[in-house]
Amino acid sequence: MYVSFLVKFIFFFFTINVLFNFDNEVNLTMSKENSDFFNRVYEVVRKIPYGKVTTYGAIAKSIGAAKSARTVGYAMNAAHSLDDVPAHRVVNRNGVLTGKHHFSGLNAMQQLLEEEGVKVVDNQIIDFKKHLWIPE
């Protein structure tokens with residue numbers, strides 16, 4: 001259990017270091033790669049049709065990084081200043097609004113989805129498969 005925690009902590013520390021460029025010498029190239037990855041994520045998210053949702057994993061797979069769903073989540077968290085990126089349309093693989101706490105307002109993500117005709121109960125999309133859009 002302790003080893004698992006330690007591995008997660010090291011991964012978290014490394015990710016934060018990459019995202020916020022704390023080590024300028026090392027991260028000059030990593031920051032560019034990170035920026036390119038995030039921009040590829042945003043390109044896909046901008047294509048999600050009105051009234052549809054997709055998953056972190058589907059986005060990762062569509063940009064050729066199938067095992068990077070968590071990093072897609074980091075990209076979505078960093079998208080708040082981008083008005084043209086509909087981050088509310090990205091949910092987890094079960095249709096749960098796992099990113100809702102990153103929106104201003106308690107139910108902002110749910111409200112945005114419901115305005116598009118996507119019904120949400122207890123933070124989960126009802127009839128998820130009907131609303132699911134898989135990027136190509």
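The values are calculated or read from the model by the stated rules, or taken from the named source; none is laboratory data. None of these values were measured; they are calculated from a predicted model. So basically every Cβ, Gly included, is an ideal-geometry build from the backbone, and we count neighbours across all protein chains shown.
Screening ASP83 against (1) free of Cβ contacts under 8 Å to residues at least 24 places away in the same chain; (2) in a helix (DSSP H, G or I); (3) under 19 Å from GLU116 (Cβ atoms) leaves a single unmet condition, (2).
Hey, could you check the stretch 88-108 for residues that are more than 21 Å from LYS130 (Cβ to Cβ) and among the small types (Gly, Ala, Ser) and say which is surrounded by the fewest Cβ atoms within 10 Å (Cβ to Cβ)? Can you show your working first?
First pass over the stretch 88-108, keeping only residues more than 21 Å from LYS130 (Cβ to Cβ): 101-108.
Within this subset, residues satisfying the condition of being among the small types (Gly, Ala, Ser) are 104-105, 108.
Numbers: SER104: 6, GLY105: 10, ALA108: 14.
Only one residue fits best here, namely SER104.
Condition check for HIS88 on (1) assigned to a helix (DSSP H, G or I); (2) within 12 Å of the chain's Cα centre (by Cα); (3) farther than 19 Å from ASN123 by Cα: one failure, at (3). Just the residues that are out of contact with any strand residue (DSSP E or B) (no Cβ under 9 Å at 6 or more places or on another chain), of a type in the set (A, V, I, L, M, F, W, C) and either at pLDDT below 95 or in a loop (DSSP other than H, G, I, E, B) (or both), please, taken from the stretch 39-72. Residues satisfying the conditions are ILE63, ALA65, ALA66.
All of (1) under 9 Å from the mean Cα position of the chain (by Cα); (2) surrounded by 20 or more Cβ atoms within 10 Å (Cβ to Cβ); (3) of a type outside the set (Ser, Thr, Tyr) hold for ASN77 with one exception: (2).
On the stretch given as the stretch 105-127, residues that are in contact (Cβ under 8 Å) with a residue 60 or more places away in the chain and within 15 Å of THR55 (Cα to Cα) total 3.
Taken over the stretch 97-128, the criterion of being over 20 Å from LYS47 (Cα atoms) and part of a strand (DSSP E or B) is satisfied by VAL120, VAL121, GLN124.
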